[in-house]
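Remarks on the structure that follows.
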Amino acid sequence: MKDIFCRIIDGEIPCTKVYEDDDVLAFLDISQTTKGHTLVIPKKHYENFLATPAETMEKVMKVAQRIGQAEVSVLGAKGVNILTNVGECAGQTVMHFHVHVIPRYVGGEGGFQITMQGQDTSTMDLPRLAMDIGKAIK
Ligand code: AMP
């Protein structure tokens, strides 16, 4: 079965379009975490960030950057969160690669919080951890 973003691309479901070219579509997130929250997706289906080829990634991220710049210049955002979730355990609910471009305003409009709580690293072998990841990079 087609995912909901493929159905948007195929015109079966409406979206509030922000930008479109041959490879990329951007539209307002239906749930507006903050005013202007936009999703940027490749028109070709890839399940997530990790499964997306570099060439497509470049196109999507370039559009995400331009949208972030526009959110600052037009909406008066003072910052922007650019994020993408990979896998259900990381919060991905639509299995079609997408980048969230979320404008941030002074005062925290939208009540959107990202908290990254650090763990106790005293029992971790950090150099070994870095080496294991580094060696596996393709
Ligand atoms: P994620 O949880 O990272 O997979 O993000 C999926 C996002 O898609 C959520 O923020 C949803 O609000 C958004 N979403 C789901 N359906 C639609 C839709 N029909 N139009 C616009 N945004 C949608």
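The values are calculated or read from the model by the stated rules, or taken from the named source; none is laboratory data. Nothing here was measured: the structure is a model prediction, and the numbers come from that model. Reconstructed Cβ throughout: ideal geometry from the backbone, glycine too, with neighbour counts over all protein chains shown. Accessible surface is based on the protein model in full, side chains and every heavy atom, while ligands, DNA and RNA are left aside. Shrake-Rupley method; radii C 1.70, N 1.55, O 1.52, S 1.80 Å.
Testing Leu25 on (1) at pLDDT 95 or above; (2) surrounded by fewer than 14 Cβ atoms within 10 Å (Cβ to Cβ), one condition comes back false. Which one is that?
It fails just one condition, (2).
For Ile82, all conditions in the list (1) within 16 Å of the ligand (Cβ to nearest atom); (2) open to solvent by 60 Å² or more (accessible area, probe 1.4 Å); (3) closer than 20 Å to Thr16 by Cβ; (4) in contact with a Phe, Trp or Tyr (Cβ under 9 Å, 6 or more places away or on another chain) hold save one; what is the number of the exception?
For Ile82, the exception is condition (4).
Looking at (1) small (Gly, Ala, Ser); (2) modelled with pLDDT of 95 or more; (3) assigned to a loop (DSSP other than H, G, I, E, B); (4) loosely packed, with under 11 Cβ neighbours inside 10 Å, which one does Ser73 not meet, given that it meets all the others?
(3)
For region 66-84, which positions are touching a strand residue (DSSP E or B) at 6+ places or on another chain (Cβ under 8 Å) and over 14 Å from Tyr105 (Cβ atoms)? Let's see the steps before the verdict.
Restricting attention to region 66-84, the residues satisfying the condition of being touching a strand residue (DSSP E or B) at 6+ places or on another chain (Cβ under 8 Å) are 66-68, 71-72, 75, 77-84.
Across region 66-84, the qualifying residues are Arg66, Ile67, Ile82, Leu83, Thr84.
Scan (1) β-branched (Val, Ile, Thr); (2) at pLDDT 95 or above; (3) in contact with a Phe, Trp or Tyr (Cβ under 9 Å, 6 or more places away or on another chain) for the single condition Thr33 breaks and write down its number.
It is condition (2) that Thr33 fails.
List every residue pair whose Cβ atoms lie under 7 Å apart, where the two residues are 6 or more positions apart in sequence or sit on different chains, the first residue falls within region 55-67 and is closer than 12 Å to Lys43 by Cα, and the second residue, located anywhere, is basic (Lys, Arg).
Listed pairs, sorted by first residue: Thr56/Lys44.
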